[in-house]
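Data first, discussion second: the structure below is written as structure tokens.
The values are calculated or read from the model by the stated rules, or taken from the named source; none is laboratory data. Because the structure is a prediction, the values reported are computed rather than measured. Virtual Cβ from ideal backbone geometry, glycine too; neighbours counted across all protein chains shown. Ligands, DNA and RNA are excluded from the accessible area calculation, which covers all protein heavy atoms including side chains. Shrake-Rupley method; radii C 1.70, N 1.55, O 1.52, S 1.80 Å.
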Amino acid sequence: RHGATLFMTLLAGWSALLARLGGQDDIVIGTPVANRPLPELEALPGFFVNTLALRVRLHGDPTVAELLARIRATALSAYEHQDLPLDQVVDAVKPVRSLAYSPLFQSVMALNNTPAPDGDQLLFDPRPLPLPQASTHFDLSLLLDDDGQHVSGHIEYASDLFEHDGIARLASSLQAVLAAMASDETMALSRLPLMDATARRQVLLDFNRGTVAPTLQSTVHALFEQQAARTPQAPALRHGARSLTYAALDAQANRQAHALLAAGVQPGQRVLVLLERSDALVSTLLAILKAGAAYVPVEANCPPQRLAHILADAAPALVVSSAALAQRLPAGGPPLLLVEAGMGLAQGLPDTVPAVSGLDAAALAYVMYTSGSTGMPKGVMVEHRNIVRLAVDSGFAPLASADRVAHCANPAFDAATWELWAPLLNGASVLVLDHDTVLDPARFNRALVDGGVTALWLTAGLFHEYADALEEAFGSLRWLLAGGDVLDPQVVARVMGKAHPPRQLLNGYGPTETTTFATTYAVTGAPHEARAIPIGRPIGNTQVYLLDPLGQPVPVGVPGELHIGGDGVARGYLNLPQHSAERFIADPFSLQPGARLYRSGDLGKWRADGTIEFAGRNDFQLKIRGYRIEPGEIE
């Protein structure tokens, strides 16, 4: 019906598969040709074989029928010039040459449909003998035979680039693509399945079995108040020589909340917080939530331009700061409320829970600004339910009342979300460590040990830098979490190979837009031979999909962009509806109405065990390819 030969049809399937897996719409595939177009040449002895470079264009998301027509035209045009040696084509194109790969194409497809000799007419056995093969001429070769009844064959591959299991999955994907092509010629390339039903169910459902319990539909401060009622005299917070029980912290936050309401703060408004890490910072954040507002944390050493941008963009109703840091605020800004660490804050006001109505799990809890490495800083709007999903029944690093978590992250960095709310909503305690202590490895180690810290979160950079200096502290930890960037397997192996390693080391991954963590991986043993440390599996009430540029799930072992769903996905970006629409998209795989995904821009690969291996960042690759860097970006 389409005037296409079997070779053209198989080439269409192979091209569609490679284009989808490689995220490209313009590919070149090599194929050998007999170069005997005339009947008179059929019996002529000699080597006539040539190799054709077939350029397949798949732009515009063609249907199967359209793709067959394009490939038919391309193949027929190439056959008209099959006597032109490939070497002359290379000389004319003048590609950048490398000894590592073929100049015009790295993938080959060949279909052998030469009739088999009639054994009855021969005096010898015509069966081919296998030949040992230690190398391949191309990265990937699909070599097929057609006996008139069946098409069979094999795939040759460069073992430095591909693994056997991955090639087996590639063969399975090819069969799925060809079956779909045969079933519906009107199907668009973007809709061709790369997996059969079993493999698709595995990557969409089986690898997302991380939900351990429904996310509590409650506010953060309500859960803290419930914990304070259960364990009023349990230690909640310690900073230097100052300690607060759950009851004392609750009462102090209540007084501050009344002070905020008296200053005119209304539910739904935003309050900017410019404070050093301290007991006052923690009670202030809790007080803002109790007042029904959302906090906007700003780092104490925030550059003036960034501070001015956040003030203008967040439009806070009030600023809470200390006398020292308030001097950094520009004149003419919002009203200011001063607090100091260790002082009896808002004395004289009620220490009862303020009556604020209309708050639920969907209320805004905080606005945290991104670094601005890919443009101007964007304010990520995080709701109460997002924090609760992270801190309660998340399925990773469960905390008990005896645990103590170090608060050593910048308050404007989303690691602080876990450091504060995970312990305070689970009956554990928080040890607040100041900036200078964290920057001194020896002091930091001593503070962790003397403070009885059992759970610690470090960025990958700090983990790599302090791996040896914190050896004593690491040995006392139940939970050591590291992440935010790629972990060095050698450093991980060194830490886990110590005489007294942490009881559990977790690699944590998650953009700010998905509330600190989306996946975690528990490191077992000392992974000396590991190429990379996986970023793990989705945490509780989180779904992770790896999708190709057309929005379709990719098979195991194939890089895809990480799309994160579940109760950790933030509301969006403040005052940036266009950016929100680009990054926060409808979840096509969820049965829950209104479910959304966050497109992270990061690449990952499913491993056969259901864990995810980090594979790079799309944004960085675009810049390497010449993407124009906008003003305000870090170059």
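Brief remarks on what is shown
- Per residue accessible area of the chain, 1.4 Å probe, in Å²: 47 Å²
- Percentage of interatomic Cα-Cα distances in region 198-259 larger than 15 Å: 66 percent
- Computed as a quarter of the hull surface, the mean projected area of the alpha carbon convex hull for region 502-614 stands at 8.1 nm².
- Estimated vicinal HN-Hα couplings, Hz - region 401-412 in sequence order (Karplus 6.51, -1.76, 1.60; Gly, Pro = x): 4, 7, 7, 10, 9, 7, 9, 10, 8, 4, x, 8
- Number of Lys-Lys pairs in the chain with C-alpha atoms under 26 Å apart and a separation of 8 or more places or on different chains: 4.
- Those GluC sites (Glu not before Pro) in region 94-192 that DSSP places in a loop and that have at most 14 other beta carbons within 10 Å: E163, E185
- Whole-Å distance, taken between Cα centres, linking region 69-101 and region 447-473: 58 Å
- Which of V49, V90 is most accessible, then next, and so on - probe 1.4 Å: V49, V90
- Prolate/oblate/rounded label for region 150-231 (Cα gyration tensor, a/c 1.5): prolate
- Amide H contacts for L52 (H built 1.01 Å from N in the peptide plane; partners 5 or more residues away or on another chain; cut-off under 5 Å): T31, V33.
- The mean of 1/r over all pairs of different alpha-carbon atoms in the chain, once inverted, gives a Kirkwood hydrodynamic radius of 28.1 Å.
- Between amide H atoms placed 1.01 Å from N, distances below 5 Å from A615 occur with L603, G604, K605, all of them 5 or more places distant or on a separate chain.
- Cα→Cβ-extended label distance, 7 Å offset, between L38 and A362, nm: 7.8 nm
- When the helices of the chain are scored as -39500 (n - 2.57) per DSSP H run of n ≥ 4 and the total is divided over every residue, the value at 222 nm lands at -9000 deg cm²/dmol.
- With all protein chains modelled, accessible area of E276 [1.4 Å, Å²]: 100 Å²
- In this view, the solvent-accessible surface of Y598, computed with a 1.4 Å probe and all protein chains in place, comes to about 10 Å².
- Estimated D of region 43-139 in µm² per second, where Rh is the Kirkwood radius over Cα pairs and Stokes-Einstein applies at 25 °C, 0.890 mPa s: 141 µm²/s
- For the peptides 146-154, 484-492, 229-237, 416-424, residues were scored by their other Cβ atoms within 10 Å and the scores averaged per peptide; the highest-first order is 416-424, 484-492, 229-237, 146-154.
- Eigenvalues of the alpha-carbon gyration tensor of region 346-439, scaled by 5 and square-rooted, set the equivalent ellipsoid semi-axes at 23, 21, 17 angstrom, largest first.
- Taking amide H atoms as placed 1.01 Å from N in the peptide plane, the amide H of Y369 lies under 5 Å from those of V380, each 5 or more residues away in sequence or on another chain.
- Ligands, DNA and RNA excluded, the heavy atoms of F124 present near 130 Å² of accessible surface to a 1.4 Å solvent probe.
- FRET E, pair L205, E163, Förster distance 30 Å, beta-carbon r, rounded to 0.05: 0.75
- Computed from phi, the 3J(HN,Hα) profile of region 493-503 under the Karplus parametrisation 6.51, -1.76, 1.60 (θ = phi - 60°) reads 4, 5, 5, 6, x, 5, 5, 10, x, x, 4 Hz, with x in place of Gly and Pro.
- Karplus-based coupling profile of region 273-278, in residue order and whole Hz: 10, 10, 9, 6, 4, 6, with θ = phi - 60° in 6.51 cos²θ - 1.76 cosθ + 1.60 and x standing for Gly or Pro.
- Region 13-67 shape via C-alpha gyration tensor axes, a/c threshold 1.5: prolate
- Crossing angle, helix 164-183 versus the chain [Cα axis fit, 0-90 degrees, rounded to tens]: 70 degrees
- With the simple model of a label 7 Å out from the Cα in the direction of the Cβ, R446 to R607 spans 4.0 nm.
- D91 paired with Q266, simple spin-label distance in nm, labels 7 Å along Cα-to-beta-carbon: 8.1 nm
- Value in Å of the Kirkwood radius, where region 527-570 supplies the Cα pairs that are averaged: 12.2 Å
- Here the chain has 54 percent of its accessible surface on carbon and sulfur atoms, given a 1.4 Å probe and all protein chains in place.
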